[in-house]
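Read-outs throughout are calculated quantities, based only on the coordinates presented, and are distinct from any laboratory measurement. Everything numeric here is computed off the predicted structure, so don't read it as measured data. Methodologically, a virtual Cβ is constructed for each residue, glycine included, from the backbone with ideal geometry; neighbour enumeration extends over all protein chains shown.
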Amino acid sequence: MKSIEHIFLLGVSKERRSVRIMVDTVLGATGALLGTFCIYYGQLYPKIPNISILYLLLVLALASTRGLYSAIITSIVAFLSFDYLLVSPRYTFSIAALEEWLALFIFLVTAMITGQLASALGQHAQQATERENETRVLYELVNATTNEEDLSKQLAIIVRSIVQVFAAVGVRDCAILLADANGKLLLMANACLPVAQVGLSPDEEVIAASAMSQRQIFDVYDEAAAHDIHRPFWFRRVIAATQASRRYVRIVPLQSGQRSVGVVRLLMEGHAWPLSIERRGRAGHEDPHTETAFFWTFLDQATSVIEHARLRRESMQMELLQRTDALRSALLSSVSHDLRTPLASIKAAASSLLQDDVHWDEETKHSFVLAIENEADRLNRLVSNLLDMSRIEGGALKPEKEWYPLDELVHDVLGHMQFLLQGREIVTVLPDDLPPVELDYLQIDQVLTNLLENAACYTPATSPIEIAVEVADDNMLVSIADCGPGIPEDDLERIFDKFYRVSGTAREGLKLPGSGLGLAVCRGIIEAHGGRVWAESCAESRAESRKEGGAIFHFTLPLRQMEEQLYG
């Protein structure tokens, strides 16, 4: 899983306010006193009248690195120490000459103004650096989440990044929970533990649901539950926020516009980190806490990937509905004629048999019965293709495999297709040493039936059909060759698509029935068996050996794994 590289740790050099004030005071006072002692012991004043410029260098250095407060402390201490040690009368804070007062006052004002300007410049430089770091982090975050398609992996990247980036402000763990269609919150990502190892207590569910419905941030304090930051249940009860609570859980709602899509659960340590939804949503007001504004940007990215996943899911559902409607329309259009034709034939034959005023001889009656049986078989094949296509589209086609000799299966198929293939020469190439194959008998029967029916419908009524079975490497290869018009090169792949029919292949005397589902069903069944199916046209030896040319359909069934199971 991808993550943010070269992570920028927010506030890594920041100190607590009280510590920073103390450090700035010590640095400012110490620097000013050291400068004064150097001037005093070097007896540089009044030999060098403008020696006070030395303090300005110190003020500039501290203002640009530590800020305005340190510069002010330096200026004041420099003013007082210079007056006490160097200005007559010495060792007192009184000044005898007016010009000395004026010089010191000008120095103090100049030092403070210089410090303020240098501090502002330093702050701008620091802010520019922080913005650059933030931009880089956000770019890497967006890039990392964009490269992942799974929503849970995208959210996992975001929660881990939040823990890394905001560790300095007390974030110790982070989790994202999303609401399902029934409003129940589901844990989608957790930074420190796998999702499967993290559970939700009833208290967590209630408070998280309240945060979503009220769109408010909740802080939950429970010393016992928060003692171990890797506990599956982070809290058991809600108590009042107190300064003594060093660990707490913060529940932040994830909002997309006016709609809450989930919550972010933060395990915090230290003083309360100021987060305010009201301040965030107030137009024209920026959050004064840079890290807080940056945190909202992370949540915006989380909301963005959630919304993108929702839109992608809805788009897929819409596309599926459109495809279903198109399939239904194409199905009705395609099979309506193929259903009516055999029904009309059955109706005509049955009506003829039921006529009382006509006496049919036994041979004629038998032909009517054969016609009814043939058309009923044709209807059965059409319905089987429809059902198989439905299972393939729904991913419900599961072969029930058993060991079976493929040559016997070929003879069985030729037996029940005898009426359709009558008048043709059927050539079978079936070696005696063919190993048994693990297959679904009914499904492979359907494949052979569809391929033979396809060959019979697209070739002259008396042309031969060849069926060959052989072992090819680790597969059983079955080939069915005909002497028809062949298949155009551009259609060799498309003929296995639903409802696709090759145009312009009819010859005189050829009938072209069919729904365009047979070959699509063949591909679905063979692929479900782990094999593949393809077509060739007038290119291989069998087709070239006949003057009529033709097409060859091949399909394979895996052998290697089956042989290992059979023979150990």
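Other residues whose C-beta falls under 13 angstrom from the C-beta of Ala209 contribute a net charge of -1, scoring Lys and Arg +1 and Asp and Glu -1. From most to least packed by mean Cβ count within 10 Å, the peptides 429-436, 165-172, 391-398 give 165-172, 391-398, 429-436. Spherically averaged projected area of the convex hull of Cα atoms, region 17-144: 9.3 nm².
Close amide-amide hydrogen proximity is noted between Tyr404 and Val437, Glu438, Leu439, each under 5 Å apart and 5 or more residues distant or on a separate chain (H modeled in the peptide plane; Pro and chain starts excluded). Given in Å, the Rg to one decimal and the Dmax to the nearest whole number for the Cα atoms of region 342-390 are 13.6, 46.
In terms of the mean number of neighbouring beta-carbon atoms within 10 Å, the peptides 55-68, 183-196 order highest first as 55-68, 183-196.
Kindly rank 154-163, 295-304 from highest to lowest mean number of other beta carbons found within 10 Å of each residue. It would help to have the intermediate numbers written out before the result.
Details: 154-163: 23.3, 295-304: 18.1.
Output ranking for 154-163, 295-304: 154-163, 295-304.
Placing R0 at 25 angstrom, the Cβ-Cβ distance between Glu130 and Val23 gives a FRET efficiency of 0.80 after rounding to 0.05.
A simple spin-label model places the labels of Arg532 and Ser351 5.1 nm from each other, with each point 7 Å out along Cα-to-Cβ.
Taking 0.36 nm per residue of separation and subtracting the Cα-Cα distance, full extension of the segment from Thr30 to Glu425 would add 131.1 nm.
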